[in-house]
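To start, the structure itself, in structure tokens.
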Amino acid sequence: MIYDIFKNLLFQLSPETAHNIGLQGLNFTYQLGLNNLLFPNCNKLQQNQNQNQNQQTSCQVMGLNFPNKVGLAAGLDKNGDYIDALFSLGFGFLEVGTVTPKPQPGNEQPRLFRLTENQAIINRMGFNNKGVEHLVQNVRKFKAKNDRNKSKIIGINIGKNKDTPIENAADDYLICLEKSYEIADYIAINISSPNTKNLRELQKDDALDDLLSKLKNKQQQLSQQYGKYTPIAVKIAPDLDDNQLKNIAEISRKNRIDAIISNNTTLTRIGVENLPVSQESGGLSGKPIFEMSNQILQKLANLLQNEIPIIAVGGISSVDDAKTKLQLGAKLVQIYSGFIFKGPPLIQQCAANI
């Protein structure tokens, strides 16, 4: 397969170098009009979506119309630099970011580690990004190109700057919310990355309630200002006990959050404990966390009882994996690590069959 050739070449490079070159290469082939030839099934899927021919795979979540249920998880395209190229692969929606108010370099390199045999990744990137204004400009340019792009769903994932004290974190989220509100289709609140110091403290009861209350108040103001309701989703960690999960569900319900994204990377090393690279700090994603993330998903679905839709992410590497997420209560799924290891065919297969 064509992607396997590309992957074998890229995997000779360091993970972060491969990440950057891979995205640049995808963008280059897109601009040359080659993606239709390289990935014909993805092109056919996209044509069907554009022509609204595949009603079986479309759905409505958060009041938004998704052409299919498969999205790109945040973290791959942090700055919205590759939106056109990524949509050409058949994704039903993209989540770009995480983005912060000010540009920041992130953590020191190396900060990305590949566990090839386990189809897993460990990262401690640290919200490296060019700042919210750069990302918003890219999304705005994409949607301004033609009317068809206006209907393509783009979520903007927001966070706080590393140098912002945790007690002032809400200020950063409010800045990003205000700057991205008009152009985003939905906004994801990242309070679950393990790679920004103390960020997960925002998942705790009073801190979470305070943050979500402020964001919902700002959402109401911006909705009146722009005449547009932009949903807010909250992205949670998988490293939560039952009581923490129950509290998050209750606080999200209380604050009328529009969706919950379950889940981010894990600090555990389940399934990779004996590998040398497992000693690297950071969040683990990919196939090893599939069962763990499913347990969180199922518990969350039981707590929410369809009152708040769930977007499921974590270890999807096949159509059956994606179907399992939906059976456990998710309305949409997102893929990241599986895309790295399986390539565009995984996106096409899932999008056409769930």
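So here's what we get for this one:
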{"quantity": "Carbon plus sulfur fraction of accessible area for the stretch 96-157, probe 1.4 Å, in percent", "calculated": "47 percent"}
{"quantity": "Scattering profile of the stretch 184-250 at q = 0.19 Å⁻¹ [log10 I(q)/I(0), Debye over alpha-carbon scatterers]", "calculated": "-0.79"}
{"quantity": "Per-peptide average of other Cβ atoms within 10 Å, ordering 342-353, 319-330 highest first", "calculated": "342-353, 319-330"}
{"quantity": "Relative contact order [Cα under 8 Å, 6+ residues apart], the stretch 192-351, whole percent", "calculated": "20 percent"}
{"quantity": "The chain - percent relative contact order, Cα under 8 Å, separation 6 or more", "calculated": "18 percent"}
{"quantity": "Square roots of 5 times each gyration tensor eigenvalue, C-alpha, the stretch 178-306, largest first, Å", "calculated": "29, 16, 13"}
{"quantity": "Highest-first arrangement of 234-243, 122-131, 205-214, where packing means the average Cβ count within 10 Å", "calculated": "122-131, 234-243, 205-214"}
{"quantity": "Rg/Rh (Cα only; Kirkwood hydrodynamic radius) as it applies to the chain", "calculated": "0.93"}
{"quantity": "Percent of beta bridges antiparallel (DSSP, the chain, rounded to nearest 5)", "calculated": "30 percent"}
{"quantity": "Ellipticity estimate at 222 nm from DSSP helix runs (n ≥ 4, -39,500 (n - 2.57)) divided over the chain, nearest 500", "calculated": "-12500 deg cm²/dmol"}
{"quantity": "Probe 1.4 Å, accessible area per residue of the chain, Å²", "calculated": "43 Å²"}
{"quantity": "Dipole of the chain [Lys/Arg +1, Asp/Glu -1 at C-beta], most positive-end residue of 248, 33, 91", "calculated": "33"}
{"quantity": "Per residue Cα convex hull volume in Å³ - calculated over the stretch 291-354", "calculated": "66 Å³"}
{"quantity": "Separation between Cα centres of the stretch 103-139 and the stretch 297-354, rounded to whole Å", "calculated": "22 Å"}
{"quantity": "Volume per residue that the Cα convex hull of the stretch 219-268 spans, once the total is divided by residue count, Å³", "calculated": "76 Å³"}
{"quantity": "Residue range of the chain that is longest and free of GluC sites (Glu not before Pro) which are both DSSP loop and sparsely packed (at most 11 other C-beta within 10 Å)", "calculated": "109-272"}
{"quantity": "Computed Kirkwood radius, in angstrom, where 1/r is averaged over Cα pairs of the stretch 117-202", "calculated": "14.4 Å"}
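The values are calculated or read from the model by the stated rules, or taken from the named source; none is laboratory data. Because the structure is a prediction, the values reported are computed rather than measured. When we count neighbours, we look across all protein chains shown, and the Cβ atoms used for this are built from the backbone with ideal geometry, even at glycine. When the accessible area is computed, the model is the full protein with side chains, heavy atoms only, and any ligands, DNA or RNA have been set aside. Shrake-Rupley method; radii C 1.70, N 1.55, O 1.52, S 1.80 Å.
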